[in-house]
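Chemist: Take this structure, written in structure tokens, and hold onto it; I'll ask about it next.
What follows draws every value from the coordinates through simple rules; no lab data is involved. These numbers come from a predicted model, not from an experiment. Positions of Cβ are backbone-derived with ideal geometry, glycine not excepted, and every protein chain shown enters the neighbour counts.
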Amino acid sequence: MEDDRIRSLIDTSCTLPPMPMVTTKALTLINDPESSLAELEDVIGKDGNMVSRILNIANSSYYSTLEKIKSIRTAMSLIGYKALGNLVITASMHKFYKKVSLLDKMLWEHSVGTAITAATLSRKFKLMNPDEAMVAGLLHDIGKTIIRQSKSKEYDKIAEKVYNDKSSYFMVEEEILGFTHCDVGSYLVKKWNFPIELGKVIHYHHKIDEIDPERMDTAHIMIIALVDLANQIMHFLGIGYREPEEDVDLSRLKSWQLLGITLEDDDMEDLLEEIKAGVEEEKSKF
Ligand SMILES: [Fe+2]
Ligand SMILES: [Fe+2]
């Protein structure tokens, strides 16, 4: 089977890291009705600035809670355990992405930009909860980081080829490695038992045309389309890339249709301005 072949290829070429310990412990506590909030605060509190990252995101403009969220306890009661779980994953990625080289830094910047853009779009068009959009945007390219950490010199060459040939990571990875960051990322989050929609987003974000609405959950199609748009907008604006890719015709992307959104040209310009400002304002929270 094709999937098995790709997985064994990934197993021989990449090291799939374990889920960060703090994420494992926090998610276990969040999903355990018997656990106490004090235990959760204790676990998250051990990871340097993780509590403040969670609270900063929970207090960002994506959530319109009337009350300011000052503790994990208030977060749990105001935004709920599922959203808190997504924020824990989001906040724990900061350490997971080692930002040593310029390429690593650009990958991080691109992921954060995609997360903020997905959350902005989801709030503006009332598509889904902001934390779901955010975590999916943040993780969509996690496979690149895994390949990069396992085969660093080879990935530098891939990045160079993408730039010189004006190609995409997806195509160059396939050509050189025989698998892509989508294969690696979706394999990884499956191993980590992350929510199923994250695996779908990672797997399909470069294969929108392969989505068959008859055979996929509407909620899954929505989140894939949302991350596709956020990702393409980041390419267009050059966020996390060496330069903007202005030949992308954003208004013609199929994902607008999948989300049921129609935009006029003027709306698009305003939207891009809003996104740029949002990324600038929110990026330090991650
Ligand atoms: Fe990607
Ligand atoms: Fe991307």
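Chemist: Does the range 2-285 classify as rounded, prolate or oblate by the C-alpha gyration tensor (a ≥ b ≥ c root eigenvalues; a/c under 1.5 gives rounded; else a/b over b/c gives prolate, otherwise oblate)?
Modeler: oblate
Chemist: Residue by residue through the range 238-245, which ³J(HN,Hα) values in whole Hz follow from phi under the Karplus form 6.51 cos²θ - 1.76 cosθ + 1.60 (θ = phi - 60°), with glycine and proline marked x?
Modeler: Each residue's phi maps through the Karplus curve to give x, 7, x, 10, 5, 8, x, 10 Hz.
Chemist: Right, something else. When a/c is below 1.5 the answer is rounded, else prolate if a/b is larger than b/c, else oblate, so apply that to the range 119-181 with a ≥ b ≥ c taken from the square roots of the Cα gyration tensor eigenvalues.
Modeler: Verdict is prolate for the range 119-181.
Chemist: Exceeding 32 Å between C-alpha atoms, which entries from my cross-link table qualify? They are LYS161/LYS200; LYS124/LYS161; LYS126/LYS166; LYS68/LYS151; LYS82/LYS254; LYS99/LYS190.
Modeler: Those over the limit are LYS124/LYS161; LYS126/LYS166; LYS68/LYS151.
Chemist: Take the alpha-carbon centre of the range 100-152, take the same for the range 206-232, and report the distance between them in whole Å.
Modeler: About 16 Å separates the Cα centre of the range 100-152 from the one of the range 206-232.
Chemist: Still on this model: How much net charge surrounds ALA26 when only other residues with a Cβ under 12 Å from its Cβ are counted (Lys, Arg +1; Asp, Glu -1)?
Modeler: That works out to -3.
Chemist: Which helices pass in the chain if a helix is a full DSSP H run, must span at least 20 angstrom along its long axis by Cα, and must have mean Kyte-Doolittle hydropathy not below -0.5?
Modeler: Span-like helices here: 81-96, 102-124, 218-237.
Chemist: Based on the alpha-carbon gyration tensor of the range 187-286 and its eigenvalue square roots a ≥ b ≥ c, which shape applies: rounded if a/c is under 1.5, prolate if not and a/b is larger than b/c, or oblate?
Modeler: Taking the square roots of the gyration eigenvalues as a ≥ b ≥ c, the range 187-286 is oblate.
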